[in-house]
Amino acid sequence: MLNGTNFKVRKKVVEKFIPTPKNLEERFRDLFLIVKSVRKFIEEIEQFFTKNEKMEMSNLLAKLISMKYKCK
């Protein structure tokens with residue numbers, strides 16, 4: 001049951017779940033930071049795989065060249 005002492009506490013708990021411009025602004029700001037960090041993480045992974053593919057291609061090319069010269 002609500003009385004004067006626990007009403008303020010209960011009000012704060014309930015207001016967390018009610019969408020208000022202030023709450024939405026905070027939530028979108030947090031979401032934006034998360035999306036930004038995820039995008040940066042994905043870009044780093046793409047760069048890693050690009051470097052890896054280049055290394056694999058150069059290794060494969062070196063193997064093919066050495067195979068060609070060994071056969072002659």
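So, in the stretch 19-50, of the ones that are more than 20 Å from the chain's Cα centre (by Cα) and part of a helix (DSSP H, G or I), which residue ends up surrounded by the most Cβ atoms within 10 Å (Cβ to Cβ)?
N23
Considering every residue within the stretch 51-68, establish whether at least one is of a type in the set (D, E, K, R), surrounded by 10 or more Cβ atoms within 10 Å (Cβ to Cβ), modelled with pLDDT of 80 or more and over 30 Å from the mean Cα position of the chain (by Cα).
Scanning the stretch 51-68 turns up at least one residue that is of a type in the set (D, E, K, R), surrounded by 10 or more Cβ atoms within 10 Å (Cβ to Cβ), modelled with pLDDT of 80 or more and over 30 Å from the mean Cα position of the chain (by Cα).
The values are calculated or read from the model by the stated rules, or taken from the named source; none is laboratory data. Keep in mind that this is a model prediction, so the values were computed, not measured. Cβ: placed from backbone, ideal geometry, glycine included. Neighbour counts: every protein chain shown.
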